[in-house]
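Shown next, in structure tokens, is the structure this report addresses.
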Amino acid sequence: MMALNQRHAPNQPAGGLMPSGSAYHDQVIARQRRGRAWAVVFQAAMLCGIIALCALLLNILNQSFGYVAIVNSVDPAELAVDGVPLDRLPKDELVGILEANISAGLIRRYEHDMPFAERSRENVHELILERVVEPQVQASWGLIDSIFARESVLREAEERYPGSDVYIRSWLTAGFISKSQSSEPLRAGVRTAIFGSLWVVAITILFSFPIGVGAAIYLEEYARKDRLLNRLIQTNINNLAGVPSIIYGMLGLAIFVRILEVITSGAFLGVGDQSTANGRTIVSAGLTLGLLILPLIIINGQEAIRAVPSSLRQAGFGLGATHWQVIWHHVLPSAMPGVLTGTILAVSRAIGETAPLVVVGASTFIALDPRGPFSKFTVLPIQIYQWTSRPQDEFRNLAAAAILVLLILLLSLNACAVLLRNSFDRGRATA
């Protein structure tokens with residue numbers, strides 16, 4: 001009896017019994033203290049992430065806007081006709097000015113691209129500004145200096161570049177999005193890179209999504225867990241999700257560019273040309289990125305299918321449905337929101353990849369828009385990399401503007417996927 005009393009005596013827990021009295025109170029306080037400490041650690045980690053993200057966005061915005069000092073090769077006032085300034089001249093007068101100031105070969109090239117009779121007045125005026133006036137950026141300043149050190153910026157521009165036009169410029173403009181690449185910062189744009197990114201992402205999704213979802217269905221619904229081969233496949237899929245992207249680039253170079261050159265170049269369909277006969281095309285890039293994100297789609301698809309309650313399957317079997325009918329009509333609709341969420345994350349990774357595309361053969365400078373899946377290409381990450389490697393500061397401003405375009409494109413594609421996922425959620429709820 002004495003031993004039993006000692007066993008249940010307050011403040012002396014033993015043998016796994018809960019403490020009582022002041023010992024219990026002290027233990028609760030200690031747990032609460034540890035919980036508050038970990039909460040502070042997690043909040044600090046989140047705050048560090050937010051600060052880093054804000055610093056990144058601030059740096060991008062700082063380089064995308066700000067004062068520029070521009071000097072014109074020809075003063076627009078010298079091109080006035082009978083006292084009428086350049087920006088008010090009719091189209092015929094503008095065409096005459098253009099023909100008088102540029103070479104005949106360039107005129108023929110413009111006429112071949114689009115006859116001057118079909119061009120608008122604004123288009124001809126823009127050609128004069130680019131080829132005759134030829135504005136050159138002498139210096140540029142960031143948005144922060146342009147706002148908080150405006151007087152010093154204007155003074156520096158006046159002293160170092162007398163006679164220059166100094167004004168605040170947005171490098172992210174409609175012309176920047178609609179123009180192709182150029183060696184001149186004021187003429188450069190990302191239209192070709194945007195089209196290339198959209199083509200590559202489309203082929204990536206069309207290749208990886210059905211194969212990834214199909215593999216996830218097989219591994220979760222049909223494959224026997226006790227078979228060595230299936231366990232080996234699952235282990236390899238998990239390992240492939242962490243392989244560096246450059247390895248997939250080398251794989252794409254060996255398989256799609258070299259071994260399957262006849263297919264990826266379009267020669268087997270008779271649509272390829274000499275410049276893309278080596279297989280360094282949009283198809284090769286899309287298939288390479290498809291292999292890159294395929295393990296991610298499979299793993300996320302498995303998790304989404306595994307999360308579907310087994311009672312839903314049993315109810316379908318109880319009503320006489322076959323295995324495939326249960327999967328198609330019950331399991332997949334319930335798992336599709338999770339599958340699409342994983343696909344969104346995988347495609348987001350593919351959009352920003354650079355290393356595999358460099359190995360496969362993405363062009364760092366190309367001024368022609370892709371005309372199909374068998375064309376030469378470039379993408380926005382490659383374009384950003386190429387501009388950041390240029391020595392002129394103005395190209396870094398262009399790179400910052402291209403980063404904003406890439407973010408907008410990424411958010412737009414993700415928004416479309418989220419809307420599609422929400423539609424599946426609403427359809428499942430109404431069903």
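The values are calculated or read from the model by the stated rules, or taken from the named source; none is laboratory data. In this text the structure is predicted, and so the values were computed from the model without any measurement. Quick reminder, even Gly has a Cβ in these numbers, built from the backbone with ideal geometry, and neighbours come from all protein chains shown. Accessible surface is based on the protein model in full, side chains and every heavy atom, while ligands, DNA and RNA are left aside. Shrake-Rupley method; radii C 1.70, N 1.55, O 1.52, S 1.80 Å.
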Handout entry: Single condition Gly66 does not satisfy, out of (1) modelled with pLDDT of 90 or more; (2) not in a strand (DSSP E or B)
Key = (2)
Completion exercise
Filtering segment 146-198 down to residues that are within 16 Å of Gln63 (Cβ to Cβ), β-branched (Val, Ile, Thr) and open to solvent by 70 Å² or more (accessible area, probe 1.4 Å) yields Ile147, Ile168
Handout entry: Residue satisfying condition, being touching a Leu at 6+ places or on another chain (Cβ under 9 Å) and closer than 30 Å to Gly163 by Cα, within set Pro90, Pro85
Key = Pro85
Exercise for the section: Say whether the condition of being of a type in the set (Ser, Thr, Tyr) and closer than 28 Å to Ile382 by Cβ is met by at least one residue in segment 131-152. Expected result: yes
Handout entry: Positions within segment 223-246 being among the aliphatic types (A, V, I, L, M), free of Cβ contacts under 8 Å to residues at least 12 places away in the same chain and not in a loop (DSSP other than H, G, I, E, B), in sequence order
Key = Leu228, Leu229, Leu232
Completion exercise
Just one listed residue, out of Glu111, Glu118, Glu220, is of a type outside the set (A, V, I, L, M), open to solvent by 50 Å² or more (accessible area, probe 1.4 Å) and assigned to a helix (DSSP H, G or I), and it is Glu111
Exercise for the section: Tell me, please, whether a residue that is modelled with pLDDT of 85 or more and over 13 Å from Ser375 (Cα atoms) can be found in segment 263-284. Expected result: no
Fill in the blank from the handout: Within segment 68-123, of all residues that are under 30 Å from Val153 (Cα atoms) and among the acidic types (Asp, Glu), the one nearest to the chain's Cα centre (by Cα) is Asp87
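Name the residue, out of Gly242, Gly266, Gly252, that is within 30 Å of Leu357 (Cβ to Cβ), in contact with a helix residue (DSSP H, G or I) (Cβ under 6 Å, 6 or more places away or on another chain) and not aliphatic (A, V, I, L, M).
On inspection, the qualifying residue turns out to be Gly252.
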Practice task
Please go through segment 252-264 and pick out each residue that is hydrophobic (A, V, I, L, M, F, W, C) and open to solvent by less than 80 Å² (accessible area, probe 1.4 Å).
Solution key: Leu253, Ala254, Ile255, Phe256, Val257, Leu260
Practice task
Identify all residues within segment 354-382 that are surrounded by 22 or more Cβ atoms within 10 Å (Cβ to Cβ) and hydroxyl-bearing (Ser, Thr, Tyr); write none if there are none.
Solution key: Ser375, Thr378
Exercise for the section: Scan the helices (runs of 4 or more DSSP H) fully inside segment 330-431 and keep the ones with 1 or more residues being β-branched (Val, Ile, Thr) and in contact with a Gly (Cβ under 6 Å, 6 or more places away or on another chain). Expected result: 332-351, 355-360
Fill in the blank from the handout: Checked against (1) buried (at least 17 other Cβ atoms within 10 Å of the Cβ); (2) part of a helix (DSSP H, G or I), Asn123 satisfies every condition except (1)
Fill in the blank from the handout: Over segment 223-240, the set of residues surrounded by 12 or more Cβ atoms within 10 Å (Cβ to Cβ) and either in contact with a strand residue (DSSP E or B) (Cβ under 8 Å, 6 or more places away or on another chain) or among the β-branched types (Val, Ile, Thr) (or both) is Ile233, Ile237
Completion exercise
Only unsatisfied item for Gly249, checking (1) open to solvent by 30 Å² or more (accessible area, probe 1.4 Å); (2) part of a helix (DSSP H, G or I); (3) not charged (D, E, K, R), is (1)
Exercise for the section: Considering only residues that are closer than 28 Å to Leu411 by Cβ and of a type in the set (D, E, K, R), look in segment 297-353 and name the one that is surrounded by the fewest Cβ atoms within 10 Å (Cβ to Cβ). Expected result: Arg349
Practice task
Scan Ile305, Ile298 and give me the residue that is touching a Gly at 6+ places or on another chain (Cβ under 9 Å) and under 30 Å from Glu261 (Cα atoms).
Solution key: Ile298
Exercise for the section: Scan segment 28-84 residue by residue and report those that are open to solvent by 40 Å² or more (accessible area, probe 1.4 Å), aromatic (Phe, Trp, Tyr) and in contact (Cβ under 8 Å) with a residue 24 or more places away in the chain. Expected result: Phe65
